[in-house]
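Everything below concerns the one structure shown next.
The values are calculated or read from the model by the stated rules, or taken from the named source; none is laboratory data. Remember, predicted model here, so these are calculated numbers, not experimental data. Cβ: placed from backbone, ideal geometry, glycine included. Neighbour counts: every protein chain shown.
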Amino acid sequence: MRRRLIPVNVVIAALVFVLLSLDPDQSKPPPVVMERGKAVYAKECLSCHQQDGLGVQGMNPPLAKTAWVLGPKRELIKIVLNGLTEPIEIEGDTFHNPMPPHPHLTDQQIADVLSYVRNSFGNKASAVTAREVKKVRAEKKI
């Protein structure tokens, strides 16, 4: 019996179809990242930003649906690494409590917690990778 070969263009078309049908947000964190991130959040962030991510009025900013969280990942990573000492304004409210730096966290822990925050409290944003954190941390040393 003779085998029938599938033309290359048919294989390529099938691959393109499969790739286009995938979820467009391939960077959504997997459950294990969310679990690890939640554990880091509970230890490092919960007391200030609260269980619901809404912070404390006038002191600690909310993490729910804000440009600070949903915006550029690089800026968010810098805040975790360097802390934040000046007041910030979010939707007309000013928050004064300084955030301490967290350089003791590993690149993976920072990636996990930021991925968790960017996908909790009503947020939907791409995951943060340890590689992205490592790059920002290296820039700080320059």
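When Val136, Val128 are checked against the criterion of being under 19 Å from Ala39 (Cα atoms), surrounded by 17 or more Cβ atoms within 10 Å (Cβ to Cβ) and at pLDDT 95 or above, Val128 stands alone in meeting it.
For every residue, the table says whether it meets (1) out of contact with any Cys (no Cβ under 9 Å at 6 or more places or on another chain); (2) among the β-branched types (Val, Ile, Thr).
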{"site": "Leu76", "(1), (2)": "yes, no"}
{"site": "Gly83", "(1), (2)": "yes, no"}
{"site": "Ile88", "(1), (2)": "yes, yes"}
{"site": "Thr94", "(1), (2)": "yes, yes"}
{"site": "Asn97", "(1), (2)": "no, no"}
{"site": "Pro103", "(1), (2)": "yes, no"}
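Taking the stretch 36-97 as the region of interest, the helices (runs of 4 or more DSSP H) fully inside it that hold 2 or more residues being within 16 Å of the chain's Cα centre (by Cα) and among the basic types (Lys, Arg) are 73-82.
Of all residues assigned to the stretch 106-113, at least one qualifies as being in a loop (DSSP other than H, G, I, E, B) and over 16 Å from Glu75 (Cα atoms).
Of all positions in the stretch 104-112, at least one carries a residue that is modelled with pLDDT of 95 or more and in contact with a Gly (Cβ under 6 Å, 6 or more places away or on another chain). Note on the stretch 84-125: residues that are surrounded by fewer than 12 Cβ atoms within 10 Å (Cβ to Cβ) and small (Gly, Ala, Ser) amount to 2. If you go through the stretch 40-77 and keep only what is surrounded by fewer than 18 Cβ atoms within 10 Å (Cβ to Cβ), in contact with a helix residue (DSSP H, G or I) (Cβ under 8 Å, 6 or more places away or on another chain) and under 25 Å from Asp107 (Cβ atoms), you end up with Trp68, Arg74, Glu75.
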